[in-house]
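Report on one structure; see the data block that follows.
Derivation of every value follows stated rules applied to the coordinates shown; laboratory data play no part. Values in this document were obtained by computation on a predicted structure and should not be read as measured data. Cβ atoms come from the backbone with ideal geometry, glycine included; neighbour counts cover every protein chain shown.
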Amino acid sequence: MNPSPAEQQLVIVSNRLPFIVGRDPAGRLEARPASGGLVTAMLPILRQKGGTWIGWTGLPEKDDASPAALAESVGWPGFAVVPVALSDEEVVGFYEGFSNEIIWPLFHDLPSFCEFAPSHWDYYLRVNRKFARAIADNAAPDSLVWVHDYHLINVGSELRQLGARLRTAFFLHIPFPSIDMFMKLPWRQSLLRSLLEYGLVGFQTLNDRRNYVQCLRRLLRGVSVSGKGQVLRVTVGDRHQAVGHFPIGIDFADFAHRAAAPEVRERAQALHNLLPDRRLLFGVDRLDYTKGILLRLRAYREALIRHPELRQRVTLIQVVVPSREHISTYFDLRTQIEQLVSRINGEFTEPGGWVPIHYVFRSLDPVDLLAYYRAAEVALVTPLKDGMNLVAKEYCTCSIEEDCVLVLSEFAGAAAQLRGGALMVNPYDIEGVADAIYRACCMPEQERRRRMRRMRREIMRRDLFWWVSSFFNAVNKEVPHELQTNQSDEHGAMADGENPVDAEPGDLHRRVG
Ligand code: F6P
């Protein structure tokens, strides 16, 4: 019997290592485990079974730490850590440039934010080659190499060019765009062919998977798709690939347990004591234009205008966590958010002490975040587009009394799972979101409980561990140990301009299932 992926050597590859690395004032290396779904899911497996994590430390190249120094500074992690050093120019061209000024906005349906500088692509290739070399140097022949996210799509092609014949899988944490959006990418052929190199490609939602299959059909020749259910098989020439959707979850049990701690309850109560007789609305987002913060603030303002009875009765607590501030659009966004918050507060604040928006710009300590989740009667999760959005899942999980309301964007990956319980909104529809805010504030208790119970059940059923095990099951079933040797270089790729007519959506739907 084949070993399960967790039994064979597992190599996780992601842009960032699972540690936040820095130096203390005396110049000593400091590293502490990062948070986030991938880290929470993989650390216990790697600690228990061993394996390797390859990624960037986030430090400048000249300051980069040796694997031994890193391992020592986190306390022995129980698995091998392989840092990939990036020069300053690589950080600008690969991370800020190609990853975050091209793929990020395009895959989030925001092409006007793209900066299609040709040199960004060169850096993307160069850094993906570095990662591929680190994989080739550190993976054993029977390793399973699991590559994560949009920064590293091209690792697939680079491994082929290095002649490394490894079992590989890839998971895209962000959305995969529609064909019309993907076609705008000048490097669409290369990127798609690289994705096709992986034995299994996983997406967050069925919609993302459909988009990928549609792009394959449009851009490559001789694509056939078989199977139905969570994982399909794609054949392009002599290349076979499994393609699935695996919505990422959270560690439900741990979140619910921590949310129930007396310290969290006390801090949540303290918030209500400070803001008595108010319904608390809560938003917490990384500083990012995809999160729809500006439109959300405008919708809140609209709610205060259309439903004046909300005034003095609601407070919006909006937390923005600093992110990617070296990129000018992020820097500008911060200014725009702060101007809008202050405009709305200036317009509505009452002398009696009512301030409509409490704005926080920093990362929260975990207990404070849980306290906000528990204190808020309504959460506003209204991204313009999001791979999944774990805030939505965390908020519901922390609603241990099951009486809170989630207002959720149709364009968050989480919508596919939570639409039965959330108040669904189009984040571009300012009046629609305003009315949803009003409805959330007035919703009868019975309805709130029914909806929240439904969402929590789903989040508990498909938690983080379900995500890992369903991905590994698919790898085990679909990615052969004996890799084919006869894959042609082109696997059906077409020259641009030769695209076959796209399948009709209905037709595609039938074939894809
Ligand atoms: O959602 C994609 C993602 O890369 C997450 O994995 C990460 O938490 C976030 O964006 C911010 O990432 P970074 O600071 O590395 O750009």
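A Cβ-based charge dipole, computed about the Cα centre of the chain with Lys and Arg at +1 and Asp and Glu at -1, lands at about 1300 debye. Counted by Cβ distance under 12 Å from Ser87, the other residues give a net charge of -3, where Lys and Arg count +1 and Asp and Glu count -1. Over all other residues within a Cβ to Cβ distance under 14 Å of Ser328, the charged ones net out to -4, with Lys and Arg as +1 and Asp and Glu as -1.
Across all directions, the average projected area of the convex hull around the alpha carbons of segment 316-437 is 8.7 nm².
Taking the number of other C-beta atoms within 10 Å as the exposure measure, put Leu340, Leu294 in order starting with the fewest. Please list the in-between numbers first.
Working: Leu340 19, Leu294 15.
Fewest to most other Cβ atoms nearby, the residues stand as Leu294, Leu340.
Computed from point charges on the beta carbon alone (+1 for Lys and Arg, -1 for Asp and Glu), the dipole magnitude for segment 252-461 about its Cα centre is near 440 Debye. Shown for Thr335, Thr40, Thr52, Thr168: other C-beta atoms within 10 Å of each C-beta, ranked fewest to most, produce the order Thr335, Thr40, Thr52, Thr168. Here's the picture: charge each Lys and Arg Cβ at +1 and each Asp and Glu Cβ at -1 in the chain, and of Val319, Val381, Ile103 the one pushed furthest to the positive end of that dipole is Val381.
Based on Cβ point charges of +1 for Lys and Arg and -1 for Asp and Glu, what charge dipole magnitude is obtained for segment 335-401 about its Cα centre, in debye rounded to the nearest 20? Please list the in-between numbers first.
Working: 5 positive and 9 negative charges, 39 e Å.
Charge dipole of segment 335-401: 180 debye, to the nearest 20.
What full-extension length gain, to one decimal in nm, is calculated for Asn345 and Lys49 as 0.36 nm per residue of separation minus the Cα-Cα distance? Intermediate results must be reported in sequence, preceding the final value.
On the way: separation 296, 0.36 × 296 = 106.56 nm, distance 5.30 nm.
Stretched fully, the Asn345-Lys49 segment lengthens by 101.3 nm.
Note on the chain: dipole from Cβ charges, positive end direction compared against Thr52, Pro186, Tyr212; the farthest Cα belongs to Tyr212. Here segment 209-349 is described by how far its Cα atoms reach on the three principal axes: 65, 38, 34 Å, from widest to narrowest.
The long axis of helix 118-138 is offset from the longest Cα principal axis of the chain by roughly 70 degrees. Rounded to two decimals, what ratio of Rg to Rh does segment 1-89 give with C-alpha atoms and a Kirkwood Rh? Radius of gyration over Kirkwood radius for segment 1-89 works out to 1.00. Positive end of the dipole of the chain (Cβ unit charges, origin at the Cα centre): among Met443, Ala139, Leu196, the Cα lying farthest that way belongs to Met443. Note on Ala261 and Asp238: with the Förster distance fixed at 60 Å, the Cβ-Cβ geometry gives a FRET efficiency of about 0.60. At a Förster distance of 22 Å, what's the computed FRET efficiency of Ala140 paired with Ala69, Cβ-Cβ distance as r, to 0.05? Given R0 = 22 Å and the Cβ-Cβ separation, E is 0.35. If you restrict to DSSP beta bridges whose two residues both lie in the chain, what percentage is antiparallel, to the nearest 5? Roughly 25 percent of the beta bridges in the chain run antiparallel, per DSSP. Here Lys62 is the anchor, and the lysines within straight C-alpha reach of less than 28 Å, apart from those fewer than 8 places off in the same chain, are Lys130. Loop-located trypsin sites (Lys or Arg not before Pro) in segment 356-438 (DSSP state not H, G, I, E or B) with no more than 12 neighbouring Cβ atoms inside 10 Å: Arg362.
Using only helices, what value at 222 nm comes out for the chain when you add -39,500 (n - 2.57) per DSSP H run of length 4 or more and divide by the total residues, to the nearest 500 deg cm²/dmol? If you can, show how the numbers build up before the last one.
Working: 19 runs with 210 residues, N = 513.
Value at 222 nm, helices only, nearest 500: -12500 deg cm²/dmol.
Give me Rg/Rg_expected for segment 102-200, where Rg uses Cα atoms only and Rg_expected = 2.2 N^0.38 Å with N residues.
Numbers: Rg = 13.8 Å, N = 99, 2.2 N^0.38 = 12.6 Å.
Normalised Rg, Cα atoms only: 1.09.
Going from the residue with the fewest nearby Cβ atoms within 10 Å to the one with the most, Thr57, Thr315 rank Thr315, Thr57.
For the chain, the longest principal axis of the C-alpha atoms and the axis of helix 430-442 are separated by about 60°. Taking a straight Cα-Cα cut-off under 13 Å and skipping sequence neighbours fewer than 8 places away in the same chain, the aspartates and glutamates within cross-link reach of Lys184 are Asp109, Glu115, Asp496. Legend: P(r) of segment 252-461 from all alpha carbon pair distances, 5 Å bins from 0, whole percents, reading 1, 8, 16, 20, 22, 18, 10, 4, 1, 0.
Pairwise alpha-carbon distances in the chain exceed 40 Å for 24% of all pairs.
The angle between the Cα long axis of helix 206-219 and the longest principal axis of the Cα atoms of the chain comes to about 40 degrees, rounded to the nearest 10.
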